[in-house]
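Encoded as structure tokens, the structure appears first; notes follow it.
The values are calculated or read from the model by the stated rules, or taken from the named source; none is laboratory data. Keep in mind the model is a prediction, meaning the values are calculated, not measured. Heads up, the Cβs are rebuilt from the backbone with ideal geometry, glycines too, and the neighbour counts pull from every protein chain shown.
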Amino acid sequence: MDRGKTRITVAGAGALGLVIAWGLARAGFRVSVFDPAQANASSVAAGMLAPVFETVLDPDVDGHFHLLMAARDLWPALAGQVGIDLDRRGAMAVGDFEFLTRVTLGISQLGLTTERLSRSDLDAAVPGLGPAFQEGLLTREDWRLEPVPAMAALCKAAQAAGVDFHPGSVRGLDEGDKLVIATGAGRDLIPIAPLLKVLTPIKGQILRAGASGFDGVLRMPNGYCVGSSGGFAVGATMEPGVDDLAPTAEAGMRLEAVARDAFPDLETNFETQVGVRAATPDGLPMIGCTADPNVFLAVGTRRNGWLLAPMAAQIITACLTEGEAGPYAARLDPMRFV
Ligand SMILES: Cc1cc2nc3c(=O)[nH]c(=O)nc-3n(C[C@H](O)[C@H](O)[C@H](O)COP(=O)(O)OP(=O)(O)OC[C@H]3O[C@@H](n4cnc5c(N)ncnc54)[C@H](O)[C@@H]3O)c2cc1C
């Protein structure tokens, strides 16, 4: 394949589409990204790159730890090349004895250790933390980025690598020789890639406010708080089967209660943001070749799209450069979901 002459259309400019477009342009392809510029999940996400806590706290990713960890390990190189700030200080958990025991056990079953945080450690790391939390723990394996600046950095790097961006939806293969579908929970391209039918939308609501003084990631039994100089966020709902973008009062109250549990004296006005994730029936992403040799999928990343984005780019680039000889030549198998 003459890469310089192969035109690749990437449908979708979320985290996956952007990292894939950048990777393909660097591999020598002519890449165009199309997106109607609607709200997307990537820009509202909390930005946690969290193989450990996602494995331990989310029953639906049980058994996916090595995949998530391998994806995380691709981040330092990507962030360095593109100019994304990675916060690699780790993530904390606080909660009652039962929660902390469950988390400690879960992390030890992954072969990892945690650092125990006393109340004075917590006072230093989490100013304003409520008195209910007398101890906590830290894993240094989970990292974080700020999604909106990361997307800006990715767009800039992709443009510098020769990617051109177009407003508007992709309807078919007409724009390029090959099509990479990175449309999140979008369903327009089902006629071209019927496997998209298996995706379930999962609405996620998250509260955002200006910087609160908290700088880090705090996991709790009922949610999480993330903070940096870029702002403070409290997340997030998981509403399977729901794909509207309307904030609800109930979710707002539930998430505010998470924030008040953690920071009882916090005085701030929250804005609710909404994104829709896309999940496959087995919780694993759908990234690779389809029955049509010109159509590739990078979807179904559920709660971990930022974490998985560099791995998606690596797989799609391998599919396109190595073709039938490569390790990813096998088509995505629809029987996986039967
Ligand atoms: C509240 C919340 C918190 C989250 N927190 C985290 C987190 O901490 N860490 C993490 O790793 N993940 C997190 N996620 C999940 C993560 O946001 C998603 O997995 C990820 O953003 C998916 O990226 P994507 O590029 O596949 O989809 P999206 O970001 O949804 O982008 C898809 C894009 O495709 C475009 N599109 C749709 N149809 C077409 C078409 N026909 N043609 C062209 N373009 C089209 C859309 O306009 C959209 O811009 C969170 C999600 C939510 C909702």
* Could you tell me whether segment 206-214 includes any residue that is within 15 Å of the ligand (Cβ to nearest atom), at pLDDT 95 or above and crowded, with 22+ Cβ neighbours inside 10 Å? => yes
* To do: Determine, yes or no, whether ALA246 is over 21 Å from ALA50 (Cα atoms) and of a type in the set (A, V, I, L, M, F, W, C).
  => yes
* **From the options LEU18, LEU24, residue that is within 30 Å of GLY168 (Cα to Cα), at pLDDT 95 or above, within 15 Å of the chain's Cα centre (by Cα) and not in a loop (DSSP other than H, G, I, E, B)** => LEU18
* To do: Check off (1) within 23 Å of CYS319 (Cα to Cα); (2) in a helix (DSSP H, G or I) for PHE34 and give me the number that stays unchecked.
  => (2)
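One line per residue, one yes/no per condition, for (1) in contact (Cβ under 8 Å) with a residue 60 or more places away in the chain; (2) assigned to a loop (DSSP other than H, G, I, E, B); (3) in the same structural domain as ALA15 (by TED's automatic domain parsing); (4) within 30 Å of ALA161 (Cα to Cα):
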site: VAL56; (1), (2), (3), (4): no, no, yes, no
site: ASP60; (1), (2), (3), (4): yes, no, yes, no
site: LEU67; (1), (2), (3), (4): yes, no, yes, yes
site: ALA71; (1), (2), (3), (4): yes, no, yes, yes
site: PRO76; (1), (2), (3), (4): no, no, yes, yes
site: ALA79; (1), (2), (3), (4): yes, no, yes, yes
site: THR101; (1), (2), (3), (4): no, no, no, no
site: SER108; (1), (2), (3), (4): no, no, no, no
site: GLY111; (1), (2), (3), (4): no, yes, no, no
* On the given criteria, is ILE192 touching a helix residue (DSSP H, G or I) at 6+ places or on another chain (Cβ under 9 Å), within 11 Å of the ligand (Cβ to nearest atom) and touching a residue at least 12 places away in the same chain (Cβ under 8 Å)? -> no
* To do: Please state which of the following conditions GLN134 fails to meet, knowing it meets all the rest: (1) crowded, with 22+ Cβ neighbours inside 10 Å; (2) closer than 30 Å to PHE99 by Cα; (3) over 21 Å from the mean Cα position of the chain (by Cα).
  => (1)
* Matching residues, segment 13-53, being without any contact (Cβ under 8 Å) to a residue 40 or more places away in the chain and more than 6 Å from the ligand (Cβ to nearest atom) -> GLY28
* Any chance ASP215 is in contact with a strand residue (DSSP E or B) (Cβ under 9 Å, 6 or more places away or on another chain) and farther than 18 Å from ARG303 by Cα -> yes
* Structure fact -> Quick count over segment 175-188, residues being within 9 Å of the ligand (Cβ to nearest atom) and crowded, with 22+ Cβ neighbours inside 10 Å, is 5
* Within segment 289-303, work out how many residues are within 9 Å of LEU332 (Cβ to Cβ) and modelled with pLDDT under 95. => 3
* Structure fact -> Those residues of segment 152-168 that are in contact with a Gly (Cβ under 8 Å, 6 or more places away or on another chain) and either within 8 Å of the ligand (Cβ to nearest atom) or hydrophobic (A, V, I, L, M, F, W, C) (or both) come to a total of 2
* 1 or more residues in contact with a Phe, Trp or Tyr (Cβ under 8 Å, 6 or more places away or on another chain) and outside the structural domain of SER229 (by TED's automatic domain parsing): qualifying strands (runs of 3 or more DSSP E) within segment 164-218 -> 164-167, 178-181
